Protein chains: 2
Amino acid sequence: MVRCSNEPRLSWRRTPFETDVPITLKDVAEKAGVSTSAVSRTFTEGASVSTKTRRKVEKAASELGYSPNVLARSLTTRRTQLIGLVANNFENPVFLEVFDRFTRLLQARGLRPLIVNLSEETEPDKSVTMLRQYSVDGVIVVSSTLPEDFVDAFRVAQIPVVHAVGRPTDTPRVDVIGVANDDCGRLAAETLIARGYRRITFLGGPEAATSTEGRARGFLETANAAEGVTARLRYCASYSYAGGYNGMRAELEGDVAEAYFCGDDIISIGAMSALAEAGKRVPDDVGLIGVNDMEMARWSVIDLTTIRQPLPEIIEASVSRIIEIVRDPDQTPTSRTFHCELVERGTLRPLPDV
Amino acid sequence: MVRCSNEPRLSWRRTPFETDVPITLKDVAEKAGVSTSAVSRTFTEGASVSTKTRRKVEKAASELGYSPNVLARSLTTRRTQLIGLVANNFENPVFLEVFDRFTRLLQARGLRPLIVNLSEETEPDKSVTMLRQYSVDGVIVVSSTLPEDFVDAFRVAQIPVVHAVGRPTDTPRVDVIGVANDDCGRLAAETLIARGYRRITFLGGPEAATSTEGRARGFLETANAAEGVTARLRYCASYSYAGGYNGMRAELEGDVAEAYFCGDDIISIGAMSALAEAGKRVPDDVGLIGVNDMEMARWSVIDLTTIRQPLPEIIEASVSRIIEIVRDPDQTPTSRTFHCELVERGTLRPLPDV
DNA sequence: TGTGGCGTTGCAACCGGTTGCAAATTTGCG
DNA sequence: CGCAAATTTGCAACCGGTTGCAACGCCACA
């Protein structure tokens with residue numbers, strides 16, 4: 001390999017980016033007539049450099065279009081500024097909003113998201129290896145359907161990890177940011193009952209998802225406590241349109257309930273489609289209420305009544321938290337719980353007249 | 001900093017991931033009783049190692065749970081296996097499919113996607129710096145609305161770049177993979193005219209988007225060549241639900257056309273919502289045809305007639321191409337053009353009886 | 001047994017940075 | 001102006017790997 005950074009470059013114009021070989025510390029040091037340490041320190045917060053050399057270095061650096069190589073730096077600082085963003089559901093449109101927010105927030109903090117798509121991965125260790133090879137500073141697992149072993153694997157591997165949209169508990173094994181799922185189920189049941197629905201069903205996500213269980217519990221608790229209300233459960237194969245669609249198709253073969261609490265907005269939309277195909281009108285024949293309040297819920301073709309999960313807040317909290325843990329890894333994991341609220345739109349019948 | 005990899009570890013069980021400090025080459029070398037070079041070569045394809053040492057090394061490595069540090073390696077090999085994935089539209093749900101496919105494909109090839117969200121970035125150089133600091137091997141720009149300066153900036157910075165979903169031309173400045181946008185516009189116009197629509201309008205994306213111009217051109221060409229057909233144009237502010245919604249709202253204030261060719265499925269859906277709110281039925285009162293054939297287009301609540309852009313193929317081609325360019329950067333940029341096809345669903349009136 | 005050839009091995013330099021330490025310089029103060 | 005303290009600087013080692021090169025061991029063949 002030929003390094004020729006010392007020889008004059010051939011380009012007729014000397015703009016920062018018209019160089020053939022990446023500029024290194026050494027190039028800048030030479031040009032500025034100082035040691036490489038001086039250059040390094042100029043680019044290191046809080047290091048000791050006189051204003052004079054700093055100016056010389058900055059001049060040389062900007063003339064050469066130099067910017068430090070984060071990866072080389074990471075070798076000694078042990079910080080890559082890389083954050084693994086692990087997800088396993090690319091079917092639910094809400095995740096586009098989620099990625100949008102995560103990527104912006106991370107970028108704004110000088111971090112870079114390294115996406116890991118676990119859609120068809122079953123080996124926790126493999127995903128750990130994938131991220132360890134890149135020495136990510138930390139990992140944000142954003143999923144409520146990923147088996148616990150996955151997030152556990154990061155803990156065991158000593159990689160700082162935050163589980164976003166996970167299930168908060170009193171003594172979590174890793175940091176968790178999520179919502180009170182049972183409250184969410186309770187709120188749904190209360191809302192449906194208040195609307196006068198009597199035969200109601202929870203059309204949940206995958207039975208194994210951490211979110212499903214809590215929502216089912218809260219829903220059933222409240223429903224069973226109410227006079228004359230019968231509540232049932234049905235799980236969908238995934239948090240996706242197809243999941244909701246097929247779930248509702250199955251319902252349509254039997255006794256259709258008066259209203260459904262869907263485990264996610266996307267399930268509601270799938271259900272809505274199946275109902276439409278079967279000639280049932282929403283909300284006239286069947287009521288629907290979802291969870292999330294994703295962007296699409298407010299589209300007027302959808303116009304979905306739903307329970308808002310404060311995703312922006314959850315995401316912000318996750319990013320802040322991972323930064324904290326990276327800075328000081330010896331923290332006891334904590335749960336942070338956000339609360340849900342009802343968002344009224346057009347898929348439930350109005351409150352009965354008093 | 002204290003390195004203590006030589007001292008016995010304290011954990012009661014010796015599983016690969018229950019170590020406190022990341023395992024390095026040296027650890028493995030020591031344990032296997034060989035030099036670090038031997039270890040390195042064991043993990044380097046095509047290097048010269050005897051079967052005996054290879055076995056010793058592999059044993060030690062797996063006992064220690066060692067996997068090489070890609071970033072450290074990249075210093076000498078000049079390959080990080082990192083691919084920048086640059087996008088600026090996180091509002092169009094089709095991008096979730098796009099990300100899903102890209103991330104899977106890249107992972108399958110041993111590459112890692114580094115997402116860069118350019119939603120609110122206006123400085124091309126900044127995005128270049130962001131990616132150069134991480135020495136990405138290459139960049140895939142996936143957008144038809146990003147100003148050309150951005151992808152140009154990568155070219156100038158000598159970073160291998162592929163522009164996916166871009167506008168193919170005869171002499172592209174960077175590699176481009178996309179569709180024949182004017183064919184796409186032509187196909188739309190032909191389809192609408194065949195259905196007997198006479199007053200038709202192109203409800204395009206942002207006027208500055210590379211895709212919009214070609215589609216408009218093909219659309220107008222064909223429409224103007226047809227007897228008794230009048231065609232108009234209206235641009236939407238963005239490829240998003242809101243873009244389409246507001247675009248159609250503006251239309252509704254004037255002369256509503258008989259049918260609309262929407263520059264993207266998501267624009268169709270926005271338009272559809274605005275129409276529904278105005279009490280217009282699709283396709284009875286107004287016809288709609290989109291572009292993309294995104295997942296949602298087949299949802300029965302949407303059921304959108306559309307022109308399919310072969311995204312899976314475009315994405316596969318983009319990944320293959322970036323790998324080629326990374327391997328051999330001195331290639332003349334080429335365009336690769338895919339063709340569109342009509343997908344019939346429920347938002348156009350049927351063919352008139354013959 | 002001697003010798004040539006080949007596959008394997010380790011040394012040491014290097015990739016692009018950072019950082020502890022001691023030397024060199026500047027500053028403050030009497 | 002002299003001297004000690006504070007600040008700045010460069011040297012050199014190191015981060016975790018790779019790789020050119022020369023030395024090594026082994027085997028075949030004469």
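Across the stretch B:301-311, the qualifying residues are those that are surrounded by fewer than 24 Cβ atoms within 10 Å (Cβ to Cβ) and not in a loop (DSSP other than H, G, I, E, B), and the one among them that is farthest from the other protein chains (Cβ to nearest Cβ) is B:R308. Where helices (runs of 4 or more DSSP H) sit wholly within the stretch B:57-150, those with at least 1 residues that are within 16 Å of DNA strand C (Cβ to nearest atom) occupy B:70-77, B:124-132. Please indicate, with yes or no, whether at least one residue in the stretch A:166-185 is in contact with a Gly (Cβ under 7 Å, 6 or more places away or on another chain) and more than 18 Å from A:Q309 (Cα to Cα). The answer is no, given that none of the residues of the stretch A:166-185 is in contact with a Gly (Cβ under 7 Å, 6 or more places away or on another chain) and more than 18 Å from A:Q309 (Cα to Cα). In the stretch B:26-36, how many are under 41 Å from the mean Cα position of the chain (by Cα), farther than 25 Å from A:D137 by Cα and more than 11 Å from DNA strand C (Cβ to nearest atom)? Here the count works out to 0.
Could you list, in sequence order, all residues of the stretch B:103-127 that are farther than 13 Å from A:L118 by Cα and in contact with a Pro (Cβ under 7 Å, 6 or more places away or on another chain)? Correct list: B:I115 only. In this structure, A:N88 does not qualify as at the interface with chain B (Cβ under 9 Å from one of its Cβ atoms), within 28 Å of the chain's Cα centre (by Cα) and within 30 Å of A:A242 (Cα to Cα). Restricting B:S67, B:S119, B:S74 to those that are out of contact with any strand residue (DSSP E or B) (no Cβ under 6 Å at 6 or more places or on another chain), within 30 Å of B:G205 (Cβ to Cβ) and among the small types (G, A, S) reduces the list to B:S119. The one condition from (1) under 18 Å from B:V286 (Cα atoms); (2) surrounded by 23 or more Cβ atoms within 10 Å (Cβ to Cβ); (3) aliphatic (A, V, I, L, M) that B:A209 does not meet is (1). Counting only residues that are out of contact with any strand residue (DSSP E or B) (no Cβ under 8 Å at 6 or more places or on another chain) and more than 13 Å from chain A (Cβ to nearest Cβ), the stretch B:142-185 holds 8 of them. Of the numbered criteria (1) in contact with a Phe, Trp or Tyr (Cβ under 7 Å, 6 or more places away or on another chain); (2) at pLDDT below 95; (3) of a type outside the set (D, E, K, R), the one B:A259 fails is (2). Scanning the stretch A:227-263 for residues that are crowded, with 16+ Cβ neighbours inside 10 Å, part of a loop (DSSP other than H, G, I, E, B) and not hydrophobic (A, V, I, L, M, F, W, C) turns up A:S238, A:Y239, A:S240, A:E258, A:G263.
The residues of the stretch A:238-278 that are within 12 Å of another protein chain (Cβ to nearest Cβ) and either free of Cβ contacts under 8 Å to residues at least 12 places away in the same chain or in contact with a Gly (Cβ under 6 Å, 6 or more places away or on another chain) (or both), listed by number, are A:Y241, A:G244, A:Y245, A:S268, A:G270, A:A271, A:A276, A:E277. Which number in (1) in contact (Cβ under 8 Å) with a residue 12 or more places away in the chain; (2) more than 26 Å from B:V319 (Cβ to Cβ); (3) in a helix (DSSP H, G or I) marks the one condition that B:N224 misses? Exception for B:N224: condition (1). Taking A:F219 and the conditions (1) under 15 Å from A:I307 (Cβ atoms); (2) more than 22 Å from the chain's Cα centre (by Cα); (3) touching a residue at least 60 places away in the same chain (Cβ under 8 Å); (4) assigned to a helix (DSSP H, G or I), which numbered condition does it fall short on, given that it satisfies the others? Of (1) under 15 Å from A:I307 (Cβ atoms); (2) more than 22 Å from the chain's Cα centre (by Cα); (3) touching a residue at least 60 places away in the same chain (Cβ under 8 Å); (4) assigned to a helix (DSSP H, G or I), only one is false for A:F219: (3). Each residue in the stretch A:69-109 was checked for being within 14 Å of DNA strand D (Cβ to nearest atom) and crowded, with 19+ Cβ neighbours inside 10 Å, and 5 pass. Out of all the residues in the stretch B:273-300, which are surrounded by fewer than 20 Cβ atoms within 10 Å (Cβ to Cβ) and either in a helix (DSSP H, G or I) or β-branched (V, I, T) (or both)? Within the stretch B:273-300, B:A276, B:E277, B:E295, B:R298 meet the criteria. Can you pull out the residues in the stretch B:5-53 that are modelled with pLDDT of 85 or more, aliphatic (A, V, I, L, M) and more than 12 Å from DNA strand D (Cβ to nearest atom)? Once the filter is applied, which keeps residues that are modelled with pLDDT of 85 or more, aliphatic (A, V, I, L, M) and more than 12 Å from DNA strand D (Cβ to nearest atom), the stretch B:5-53 yields only B:A32. Of all the numbered requirements in (1) modelled with pLDDT under 95; (2) more than 22 Å from A:N92 (Cβ to Cβ), A:A208 misses one, and that requirement is (2). Picking from residues in the stretch A:37-56 that are crowded, with 18+ Cβ neighbours inside 10 Å and either within 11 Å of chain B (Cβ to nearest Cβ) or of a type in the set (A, V, I, L, M, F, W, C) (or both), the one that is farthest from DNA strand C (Cβ to nearest atom) is A:V49.
The values are calculated or read from the model by the stated rules, or taken from the named source; none is laboratory data. Small disclaimer: the values here were computed from a predicted structure and weren't measured. All Cβ positions, glycine included, derive from the backbone under ideal geometry; neighbour counts span all protein chains shown.
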